[in-house]
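These notes concern the structure reproduced below.
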Amino acid sequence: MNLLLLNAASGSKLEQALEKLVDFGMDAGKDIFVAILIYSVGRFIIKQISVLIAKVLEKRKIETSVQTFLKSLVKILLNMVLAFAIISKLGVETTSFAALLASAGVALSGNLSNFAGGLIILVFKPFKVGDYIDGPGVSGTIKEIQIFHTILSTLDNRMIYVPNGMLSGNAVINYSKQEMRRVEWVFGVEYGEDVQRVRTVLQRIIYADKRILDTPAPIIVLGSLSASSVDITVRVWVKTADYWNVLYDINEIVYTTFNKEGIGFPFPQLTVHQSSK
């Protein structure tokens, strides 16, 4: 009899435990379902807000560098709000979550310097989207300036993510900042060539290229007398956008023209004197 009562009591407790487990699962399932719904709706809203902000910034003709920075900042803030809402719905205490964020903030304090670096870049404008720069160990065209990183595209189309703190705290060469750039060549000719004739041929080549600016005026001088060549230095000014095309085009034109005109290019020579006994 006692055994039957014991079995009945055990069965009752097991049934109660199962009921509690089912109730907990249903409540948890509801919370998880609502959290997923919040995530889906939140992501949709964030996308729409991002598109709206992009249109407003574009309509107001805000500088592209500022646009990319603000869009990145708004996106991160909205995603943080969404994460906070989902975690709250799942029953995690917001105070504990805030403490966790504070701890993570201490661990990621380096990003604060990157954020400050991004602000410095936007305020002082050492470069902007579209500029070609040389930075600390990197080179490329600026594609985006985000809140923590600046994205560069290299000449072979690789994307480099550079921390803003690195760019704001180190020397950066901006090749696109000025409207004009100086192109310089050193053309070596053989000893014995008529320097004035070489200068005349180079002037004809330079003045025929309409991309080369008249002001400042081109300079063609005898730069140096090297071991095996007479070096003629040519300096001209062009629009920044024309720099590389002019550099390479004139190299090819000079080579072809010098060959036609019979102007010899030097090559290393070694003179051996034999002593007579």
Of the residues in segment 129-151, those that are charged (D, E, K, R) and either at pLDDT below 90 or under 10 Å from the mean Cα position of the chain (by Cα) (or both) come to 131, 143, 144
Looking only at segment 152-162, filter to residues that are surrounded by fewer than 18 Cβ atoms within 10 Å (Cβ to Cβ) and within 10 Å of the chain's Cα centre (by Cα); which one of those is nearest to residue 72 (Cα to Cα)?
161
State whether one or more residues within segment 83-90 are at pLDDT 75 or above, surrounded by 11 or more Cβ atoms within 10 Å (Cβ to Cβ), of a type in the set (A, V, I, L, M, F, W, C) and within 14 Å of residue 148 (Cα to Cα).
no
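Quick grid of which residues meet (1) in contact with an Asp or Glu (Cβ under 6 Å, 6 or more places away or on another chain); (2) within 30 Å of residue 141 (Cα to Cα):
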{"residue": "178", "(1), (2)": "no, yes"}
{"residue": "211", "(1), (2)": "yes, yes"}
{"residue": "219", "(1), (2)": "no, no"}
{"residue": "231", "(1), (2)": "no, no"}
{"residue": "236", "(1), (2)": "no, yes"}
{"residue": "259", "(1), (2)": "no, no"}
{"residue": "265", "(1), (2)": "no, no"}
So how many residues does segment 231-255 have that are of a type in the set (A, V, I, L, M) and part of a helix (DSSP H, G or I)?
6
Within segment 194-237, restricting to residues that are open to solvent by less than 60 Å² (accessible area, probe 1.4 Å) and among the acidic types (Asp, Glu), the one that is farthest from residue 263 (Cα to Cα) is 209
Please list, ordered by first then second residue, the pairs with beta carbon atoms under 8 Å, 6 or more apart or interchain, first in segment 72-99 and on the phi > 0 side of the Ramachandran plot, second at pLDDT below 75.
91/31
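The values are calculated or read from the model by the stated rules, or taken from the named source; none is laboratory data. Quick caveat, the model's predicted, so the values are computed rather than measured. Every residue, glycine as well, gets a Cβ built from its backbone with ideal geometry; the counts of neighbours run over all protein chains shown. The protein model used for the area step is the full one, side chains on, heavy atoms only, and it has no ligands, DNA or RNA in it. Shrake-Rupley method; radii C 1.70, N 1.55, O 1.52, S 1.80 Å.
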